[in-house]
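The values are calculated or read from the model by the stated rules, or taken from the named source; none is laboratory data. Everything numeric in this text was worked out from a predicted model, so none of it was measured. For neighbour counting, all protein chains shown are included, and Cβ atoms are generated from backbone atoms with ideal geometry for every residue, glycine included. Surface accessibility is based on the protein's heavy atoms, side chains included, excluding ligands, DNA and RNA. Shrake-Rupley method; radii C 1.70, N 1.55, O 1.52, S 1.80 Å.
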Amino acid sequence: THLALLALLTAIYTPALSHASWIFGLVFLVTLINLIPHIRKVHPIFWVITFALILFTLNINAWWFGIIGDEYSFYDPARLLAEGKTLPFSFSHIFSGLAVYATHPYMSTIIQAIFMKFLGFHNFGWRFSNLYLSAISIGLLYYFFRTFIPRRIALLAAFFLMTSHYLMTFGKIGYNNLQALFALALVLAATAWVYRSQRLLAYVCLGFATGFCFYVYPAAIYVAPLPVFFLL
């Protein structure tokens, strides 16, 4: 169902595929019908993430999001990487922090390029990376919330994030800022997993998640000390 929704959104907001969007819509509908017998087994956060994706992508091709600030400085490197023109160089510099403006990490550009590779080099394929990571962040944050507060309040917090006008709007800009939100959610979810299980694998994943903070939008670096405070 999730993959069918991604295909449907891509078709709707991609001019070359818009004529076939009804086919992807039919596939999405079939997957929803298939869920009906198992509806009680589907966690509510799945629906929150699903509706978040739909809400976040509304008006993604609107003219008022045509160009904002210097966002196209991030588009060109990601497109060249997705096309394979700078692939060897970028992957040899994957841990370098001197990509866009010589201040943003290469991994940040690689994340955008991966989405463009699968969803296309057009507007949707580029901007959707922010929106998708933001929607997934809601699920990760819910897992963290649920560890420390009642389930209903955690779902309410997730609902407020799903309807956040800030995420809906800022997510449509081609910057990499919201990758820091994803890094935050990833670290907090891994911290909650460690807190719940105390498994060695959970600690390893927490280490990877914390390290990830150093290779996306630089604001994510401020997230790195949080697991220490929570675990203490």
| query | Just to be sure, is Leu87 under 30 Å from Ala16 (Cβ atoms), modelled with pLDDT under 95 and in contact with a helix residue (DSSP H, G or I) (Cβ under 8 Å, 6 or more places away or on another chain)? | reply | yes
| Has segment 182-189 got at least one residue that is of a type in the set (Val, Ile, Thr) and buried (at least 23 other Cβ atoms within 10 Å of the Cβ)? | yes
| Is at least one residue of segment 156-168 of a type in the set (Gly, Ala, Ser), more than 13 Å from the chain's Cα centre (by Cα), farther than 20 Å from Trp47 by Cα and outside any helix (DSSP H, G or I)? | no
| task | Would you mind finding the one in Trp63, Trp47 that is aromatic (Phe, Trp, Tyr), open to solvent by 20 Å² or more (accessible area, probe 1.4 Å), free of Cβ contacts under 8 Å to residues at least 40 places away in the same chain and within 17 Å of Leu3 (Cβ to Cβ)? | result | Trp47
| note | Residue set Thr31, Thr103; condition of a type in the set (Ser, Thr, Tyr) and touching a Leu at 6+ places or on another chain (Cβ under 9 Å); output residue Thr31
| Residue count, segment 195-225 (criterion: in contact (Cβ under 8 Å) with a residue 40 or more places away in the chain, closer than 19 Å to Tyr143 by Cβ and in contact with a Ser or Thr (Cβ under 9 Å, 6 or more places away or on another chain)) | 3
| message | So, in segment 80-109, how many residues would count as being within 18 Å of Tyr175 (Cα to Cα) and open to solvent by 60 Å² or more (accessible area, probe 1.4 Å)? | response | 3
| query | Quick check: is even one residue across segment 197-208 under 19 Å from the mean Cα position of the chain (by Cα), surrounded by 19 or more Cβ atoms within 10 Å (Cβ to Cβ) and closer than 22 Å to Phe148 by Cβ? | reply | yes
